[in-house]
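Inspection log for the structure reproduced underneath, given as C-alpha cells.
The values are calculated or read from the model by the stated rules, or taken from the named source; none is laboratory data. Keep in mind that this is a model prediction, so the values were computed, not measured. We place every Cβ from the backbone using ideal geometry, glycine too, and count neighbours over all the protein chains shown. Heads up: the accessible areas ignore ligands, DNA and RNA and are worked out on the full protein's heavy atoms, side chains in. Shrake-Rupley method; radii C 1.70, N 1.55, O 1.52, S 1.80 Å.
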Amino acid sequence: MRRFLSGLGFTQGPGFQKTSEKFGVCFEGIECENAEHAENWANNVKIKFENWSQIIELTLGSLESFYDDASDFEDDLQDEIKDWLAVDGWGLLFTLFPFEFQQYFLLMYSHIQRNHDISNEDIFYRIRNESEARGLIPRVEVKLLLMIGGPKEHERRKMLLIKFNGSNFKRIAKFSVEKKRLRRTLAEIAAEVVGQMVEDSEDLEIPETLKEIVSDKIVDADWVSDCWLTKVQNS
C-alpha cells in the first residue's frame, strides 16, 4: 500500500527545498479552503501527504523551459501534475477523496492488488472504470505570483500556488520560486549587462554561442523587473 500511495507518512514540511541550475523551489505550506470539510478531512484522514519532492521536481522541470510568459509555464505544470496524479501521485490524490470514497477505494485496491500483479497506472484505470468515478483526477490550478511586501519579498522570488480542487474542499500548496543570479563566467557577467538593455538577442551581431546566454539574461532581467515595476505602480 505504501508503495502505491507514495508520499503518505513522509515528513517534508515547510522549508523543504530543491534546486536546479537556474532555480530553487521551497515548500512553504498547505492550506485548506472550505473550513467545514477541511475539519472533517483533518479528523478522518490520519495519514497525510507530506512528500512534496516530486511536485518540486515537476516544477523545476517546467521552469527550465520558462521564457517570458507565466501562463505557458502554468499550463505546462498543470498538465504535468495531472499526468503525475494518475500514475505516481496517488498518495496526494487519496487525501483529496471524500472519506467514504477513501474506504471504498481501499477495498477496491485490496481486491485488485490481491488478484493482479499490475502497475500503478493500470490500477488507476481499473479503479476508475470499475467505480465509474470518471472525475478521480481533481482540477488543478497553477498560479505564479509576485511577492510584494512581507518578509519573503525579494526581486528574484515569486510565489507559486498549486490548487487541488477536491470534491469537498480545496488544498492549496504554496511554494516560493527563486531565480538564481548566475555570474560564474565573464560571458555571463557581460551578458547580464546586455540583457538589461535589449529585448531580443537576435538583434545583436554576436556569435551564436553567446546569443543563448544573452537570451537567458533577458529572461532574467524581465523576471526581476516585474517586481520593481509592480512596486512602482502600487506606490
* Structure fact -> Using a 1.4 Å probe on heavy atoms of the protein chains only, the accessible area for Arg126 in Å², nearest 10, reads 80 Å²
* Give me the compactness ratio for the stretch 181-221, meaning the Cα radius of gyration over 2.2 N^0.38 Å. => 0.99
* Structure fact -> For the stretch 130-235, one quarter of the surface area of the C-alpha convex hull, expressed in nm², comes to 11.5 nm²
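Can you tell me the FRET efficiency between Lys180 and Glu208 if r is taken as the Cβ-Cβ distance and R0 is 25 Å, rounded to the nearest 0.05?
For Lys180 and Glu208, the calculated efficiency is 0.55.
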